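Readers should treat all values here as calculations from the given coordinates under stated rules, not as data from a laboratory. As the structure is a prediction and not an experimental result, all values here were calculated from the model. So basically every Cβ, Gly included, is an ideal-geometry build from the backbone, and we count neighbours across all protein chains shown.
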Amino acid sequence: MSYTFTTEDGRYDVTVHGNGWAYEITCNETSDTIWLQDQNADIIKETTNDFENTAILLEYFEVLA
């Protein structure tokens, strides 16, 4: 099972796979995507306060640039 939601600021689309086993996060400004699973999925959910603090996501995407 998977579903997608958009962060409150509209900057990211987050697709949840396997009830939180993995996250596919797409930046709506650049179309860049990151994939996090297992322990990394747990960490991103926790550090972003369930995807409310998108500044953390911005840092992930900046590292990839």
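Starting from one equal scatterer on each C-alpha and no solvent at all, send me the Debye-based log10 I(q)/I(0) for the chain at q = 0.11, 0.16, 0.20, 0.22 Å⁻¹, two decimals.
-0.20, -0.44, -0.71, -0.88
If I fit a long axis through the Cα atoms of helix 54-64 and take the longest principal axis of the Cα atoms of the chain, what angle between them do I get, 0 to 90°, rounded to 10?
For helix 54-64, the angle is close to 80 degrees.
If each DSSP helix of 4+ residues adds -39,500 (n - 2.57) and the sum is divided by the residues in the chain, what number results at 222 nm, nearest 500 deg cm²/dmol?
That comes out to -9000 deg cm²/dmol.
Compare Thr47, Thr30, Thr15 in a GNM of the chain, Cα atoms joined below 10 Å, and give the one with the largest fluctuation.
The residue that fluctuates most here is Thr30.
Do any GluC sites (Glu not before Pro) in the chain lie in a loop, going by DSSP, with at most 16 other beta-carbon atoms within 10 Å of their beta carbon, and if so which?
Passing sites in the chain are Glu8, Glu29, Glu52.
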